[in-house]
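Single-structure report; data block below.
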Amino acid sequence: MKRLAAARREVIAAMPRIAQAEVPLALARGLVLAADVVAPHPVPPFTNSAVDGYAVRASDTASVPVELRVTGDLPAGVVSSAVITPGTAVRIMTGAALPGGADAMVMVEDTVVIGDRVRITRSAAPGDHVRTAGGDIAAGAVVLRRGDRLGPVHLGLLASIGVAVPVVSRRPVVAVLSTGDEIQPPDTATLRPGMIRDANRPMLVGLLGELGVEVRDLGIVPDDGRLLRSTLEEAAASCDAVVTSGGVSMGEHDLVKQVLAGLGRVEFWQVAMQPAKPFAFGFLGGTPLFGLPGNPVSSMVAFEQFVRPGLLAAMGATRLFRPRIEAALAEPVSTTPEKVVFLRVAFAGPNVVRSAGGQASNVLSALAAADGLAVIPVGVGAVAAGDRVAVELFRADESRTLAEATDD
Ligand code: AMP
Ligand code: MG
């Protein structure tokens, strides 16, 4: 059996790189930068006020209260050539450029207007409530690096320095299909005996969507060698990667395995992991193919361990793996020491996890209730209650109800 780490490394090393493209920010979420980004100008671009209030010379406010003559009014976007002289102040709004001569801001809350004068009730030190040009980003600084994946905040950061069309890896197109004579569309009204609904395809489409690739949903393909072959050939010719579910284990009707063996360079691995021991990886032409096992939990775990990092590597991402935290396992478990075991766990408290339900590879309900996968490494056969384990988080979305939210 192949160790998971070795299998993962092999997949990542074999992934062909996706070509570069210039993509507008509005379409760039989830894509990976193909080059370092350098700030062409400082941010903020000019020294400005962090508050609504009065621009002053700090030395004028050394003893308070003090009255200063107000010589102007600066809304955001307006720049004044006036210079603040001793004994004067300019009323300015948050974001307006600090006028010459001023070295501090007094918040409007610490002032009283008296005709054309303002009484300052709190002393200001030089630099108070002032945002210096370049205080966030210096001109010429590397803002983001090649290999960084663009989340919403990164898009804002790029916009702030005028990089409206970053150079990224083009969005990959990934085909997904389910196999199996027993697999029926989710909207099947009444299941005939022996049939089950296709749980994997909606899940895989969702996982691919979350990753930010363009999904080509090829539906359900029955266990028919000819049909499977033509579908896979067509998918490989038109997509950057193909993901299949089912048909890669030891059964006679595990046709994905047979068809692939006849078509291209494909390897079938028994990976030392549970769930998701059977897994196929290879190439049809130059297109990578991931043959995931049919049991839904196995399919999801194999996606997380191979497809997600593999596609991120193809996009040129530096960071390939989900975050892991350490948490105490609330109850004891025994696992097979020959394999790395991924337990479906949910938070039971801060840094405490418990089993999220049944741990068999068909039990999707427990995976749905889980916040993460506790990773019990090869060589470990038992974990005692309270022992710390690594937990790989696969849900970045909300995990706490209003009742569970803390009083921040
Ligand atoms: P296979 O990998 O094709 O041998 O399938 C293993 C198990 O997963 C069998 O019990 C299948 O019925 C089930 N299975 C296969 N594909 C799916 C799917 N798309 N949705 C839900 N269960 C599936
Ligand atoms: Mg099958």
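No value in this document is a laboratory result; all are computed from the given coordinates. None of these values were measured; they are calculated from a predicted model. Every residue, glycine among them, receives a Cβ derived from its backbone with ideal geometry; neighbour counts consider all protein chains shown.
At-a-glance table
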| item | result |
| --- | --- |
| Neighbour net charge for VAL43 - beta-carbon separation under 15 angstrom, K R +1, D E -1 | 0 |
| Residues HIS253, HIS129, sorted so that the one with the fewest Cβ neighbours within 10 Å comes first | HIS253, HIS129 |
| Segment 1-101: Cα Rg divided by the 2.2 N^0.38 Å rule of thumb | 2.08 |
| Geometric extent, Cα atoms of segment 85-136 - Rg, Dmax (angstrom) | 11.5, 37 |
| Cα-centre dipole for segment 324-392 with unit charges at Cβ (Lys and Arg positive, Asp and Glu negative), debye to 20 | 60 debye |
| Square roots of five times the Cα gyration tensor eigenvalues for segment 220-368, Å | 31, 18, 12 |
| Qualifying trypsin sites (Lys or Arg not before Pro) in segment 141-185, DSSP loop, other Cβ atoms within 10 Å at most 15 | ARG145 |
| Binned Cα-Cα distance frequencies in the chain - 20 Å width, integer % | 22, 39, 23, 14, 1 |
| Simple spin-label estimate for ALA384 and ASP408 in nanometres, 7 Å along Cα-Cβ | 3.7 nm |
| MET250, MET273, MET300 arranged by Cβ crowding within 10 Å, fewest neighbours leading | MET250, MET273, MET300 |
| Net charge of neighbours whose Cβ lies under 15 Å from the Cβ of GLY386, counting Lys and Arg as +1 and Asp and Glu as -1 | -1 |
| Cα-centre dipole for segment 89-149 with unit charges at Cβ (Lys and Arg positive, Asp and Glu negative), debye to 20 | 220 debye |
| Nearest 10 degrees, 0 to 90: helix 200-211 Cα axis against the chain principal axis | 30 degrees |
| Degrees separating the helix 225-238 axis from the principal Cα axis of the chain, which is the longest one | 30 degrees |
| Dipole of the chain [Lys/Arg +1, Asp/Glu -1 at C-beta], most positive-end residue of ALA102, SER355, VAL215 | VAL215 |
| Segment 99-185 - charge dipole about Cα centre, Lys and Arg +1 at Cβ, Asp and Glu -1, debye rounded to 20 | 300 debye |
| Two-site label geometry, ARG17 and ARG122: point separation in nm, points 7 Å out along Cα→Cβ | 5.3 nm |
| Cβ-Cβ FRET estimate between ALA237 and ILE325, R0 fixed at 35 Å, reported to 0.05 | 0.25 |
| Candidate aspartates and glutamates - alpha carbon under 14 Å from LYS277, same-chain residues fewer than 8 apart omitted | GLU267, GLU304, GLU338 |
| Packing-based ranking, highest mean first, of 313-322, 236-245, 5-14 given that Cβ atoms within 10 Å are counted | 236-245, 313-322, 5-14 |
